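FYI, it's all coordinate maths here, none of it is from the lab. Predicted model only: the values in this text are computed from it and were never measured. Here Cβ is always computed from backbone atoms with ideal geometry, including for glycine, and neighbour counts include all displayed protein chains.
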Amino acid sequence: MLVILHPNTDESSDEFKKTWHHLSSLLGIKLNKHDIQGDKQKLTEIYLLGDTHTVNKEEIESLPAVERVIRISEEYRILGRHKDNQRTFGFDYNGVHFDQKGLNVFAGLCAVDNPEHVELTLRALQENNQQCTRMGAYKPRTNPYSFQGHGEACLPYVFELAGKYGIKVIAMEITHESHIDEIHRCLEACGNPTGVLLQVGTRNIQNFELLKSIGRQKTYPVLLKRGFGITLNESLNAAEYLASEGNSNVIFCLRGMKSEFGLPHRNLVDFCHVPVIKRLTRMPVCIDPSHSVGTRDVAPDGLMDVMHATAQGVIAGANMVLVDFHPVPSKALVDGPQALLLEELPLFLEDVQIAHSAYQKRCALISQ
Ligand code: PEP
Ligand code: MN
């Protein structure tokens, strides 16, 4: 059962205290409180966990701080919509807002290789008014002898350069819970010049202990990538692991499915699921056209497949684009063949804007 409080309820108010006291006295029920920062107001939701069949809905609704009570289905308890379109969701992190309406582009290096490439990339982002990027330090590789990422060693220059070029959020994959501490310590030591969105890769989506440890901290939001060989339901349940531990600032990323049917693309592009995830959950939806398509192939119309795939996701309402760029793809240590060139950044961003405006026009059309 979900108890939604009146917007902007102050926790030191009598209304809140009376409501919390009553809910805490319900036998066999545990409380789990989540604060959600929407566009205009703060919402507080309290989840009643346990056997709620005997809990009287009307009685809870009459408590002073309570606006509404919803009986929720078992699936995606915290992140799900539960047929309630009034529930808003969104969060701010380091000055950047994430929700199911906006759009943030995270262009950058698949893997950090050296300070020069990091600086060239970040400078190009700043010149193009970007405040987010992707930078892989910990790389999960198929082959144990392949480059595994520079790990902790590269964090100081990545964070300092990000600060220098006005980058507010870096999407960075982690593969072990100890990486959260490494990132945290380094950010503190550098004076927090930037922020980090912790990325969980497709291969780790069912690493439940990793998900639980990431979910137990609320400092960093999470970008969770869909499992490339499991059902959507299984991937959404993985997202719920993060929320069930306390961190519901989760963005869900589509990155293509492993299938021979996707050939000649690296994966079968699954961006038609953007609206499905928005319908089932309240998570902002990210698309990763680079890992989906995996090449720089160009269609006869002159547009790269990566740009076509991006447009397909954005015109369907994607809220974030995670995309590989590299100053010299031939020298990239990971995924060079799919990286776009820094000179292509303005074109790419304009193409994204065209698709985003088209999405907004489509929404306006339907709301007339
Ligand atoms: C990545 O984004 O660098 C990555 C490894 O992606 P995925 O987990 O989707 O393969
Ligand atoms: Mn990659």
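May I ask for the Kirkwood hydrodynamic radius of the stretch 139-180, worked out over all distinct Cα pairs and given in angstroms to one decimal? Present the calculation step by step, with values, prior to reporting the outcome.
Values: mean 1/r = 0.0840 Å⁻¹.
11.9 Å is the Kirkwood radius here.
So how much slack lies between residue 367 and residue 71, counting 0.36 nm per residue of separation and subtracting their Cα-Cα distance, in nm? Working shown, then result.
Working: separation 296, 0.36 × 296 = 106.56 nm, distance 2.87 nm.
Gain on extension, residue 367 to residue 71, equals 103.7 nm.
Ranking of 45, 350 by neighbouring Cβ atoms within 10 Å, starting from the fewest: 350, 45. Its relative contact order, with pairs defined as Cα atoms under 8 Å and 6+ residues apart, puts the chain at 15 percent. For a 4.7 Å threshold on C-beta separation, the list of partnerless cysteines in the chain reads 110, 132, 154, 186, 190, 272, 363.
Neighbours of residue 100 by Cβ distance under 9 Å: Lys/Arg scored +1, Asp/Glu scored -1, total +2.
FRET efficiency for the pair residue 119 and residue 261, taken as 1/(1 + (r/R0)^6) with r the Cβ-Cβ distance and R0 = 35 Å, rounds to 0.30. Cβ crowding within 10 Å, taken as a proxy for footprinting-reagent exposure, orders 25, 290 from fewest neighbours to most as 25, 290.
Using the beta-carbon distance between residue 148 and residue 86 and R0 = 41 Å, what value does 1/(1 + (r/R0)^6) give for FRET efficiency, to the nearest 0.05? Let's see the in-between values first.
On the way: r = 46 Å, r/R0 = 1.12.
Computed FRET efficiency for residue 148 and residue 86 comes out at 0.35.
For a modelled paramagnetic label at residue 303, 7 Å from Cα along Cα-to-Cβ, the residues of the stretch 342-368 in reach, with backbone nitrogen under 14 Å, are 347-359.
So if the hydrodynamic radius of the stretch 92-145 is defined as the Kirkwood radius over C-alpha pairs, what does Stokes-Einstein give as its diffusion coefficient at 4 °C and 1.567 mPa s, in µm² per second? Write out the running numbers ahead of the final one.
On the way: Rh = 13.0 Å.
Diffusion coefficient, whole number: 100 µm²/s.
Could you sort out which of 18/168; 33/225; 278/331; 164/212; 30/168; 139/164 sit more than 29 Å apart by Cα distance in this structure?
Numbers: 18/168 40 Å; 33/225 26 Å; 278/331 38 Å; 164/212 33 Å; 30/168 36 Å; 139/164 25 Å.
In this structure, 18/168; 278/331; 164/212; 30/168 exceed 29 Å between Cα atoms.
To the nearest 10 degrees, how steeply does helix 232-244 sit against the main Cα axis of the chain, on a 0 to 90 scale? The angle comes out near 60 degrees.
In whole Å, what is the distance between the alpha-carbon centres of the stretch 1-46 and the stretch 65-87? The stretch 1-46 and the stretch 65-87 have Cα centres spaced 13 Å from each other.
Using only alpha carbons, the chain has a radius of gyration to Kirkwood radius ratio (Rg to Rh) of 0.99. Computed from the Cβ-Cβ distance with R0 of 22 Å, the FRET efficiency linking residue 21 to residue 219 stands at 0.15.
Counting only alpha carbon atoms, the long axis of helix 178-189 and the longest principal axis of the chain meet at about 80°. Cα centroid distance between the stretch 132-146 and the stretch 237-281, in Å? Cα centroid of the stretch 132-146 versus Cα centroid of the stretch 237-281: 19 Å apart.
What is the order of 16, 325, fewest Cβ neighbours within 10 Å to most? The partial results should precede the final answer.
On the way: 16 18, 325 25.
The most exposed by this proxy come first: 16, 325.
Shape of the stretch 222-289 from the C-alpha gyration tensor: prolate (a/c of 1.5 or more and a/b above b/c, with a ≥ b ≥ c the square roots of its eigenvalues). Computed from the alpha carbon atoms alone, the convex hull of the stretch 2-71 holds 78 Å³ per residue. Contact order normalised by length for the stretch 30-185, with contacts defined as Cα pairs under 8 Å and 6 or more residues apart; what percent is it? Reported relative contact order: 17 percent.
Taking 0.36 nm per residue of separation and subtracting the Cα-Cα distance, full extension of the segment from residue 203 to residue 276 would add 24.1 nm.
Residue 41 to residue 350: extension gain in nm, 0.36 nm per residue of separation minus the Cα-Cα distance? Show your work: numbers first, answer last.
Numbers: separation 309, 0.36 × 309 = 111.24 nm, distance 3.17 nm.
Gain on extension, residue 41 to residue 350, equals 108.1 nm.
Among the trypsin sites (Lys or Arg not before Pro) in the stretch 178-232, those located in a DSSP loop and surrounded by at most 16 other Cβ atoms within 10 Å of their own Cβ are 216, 218.
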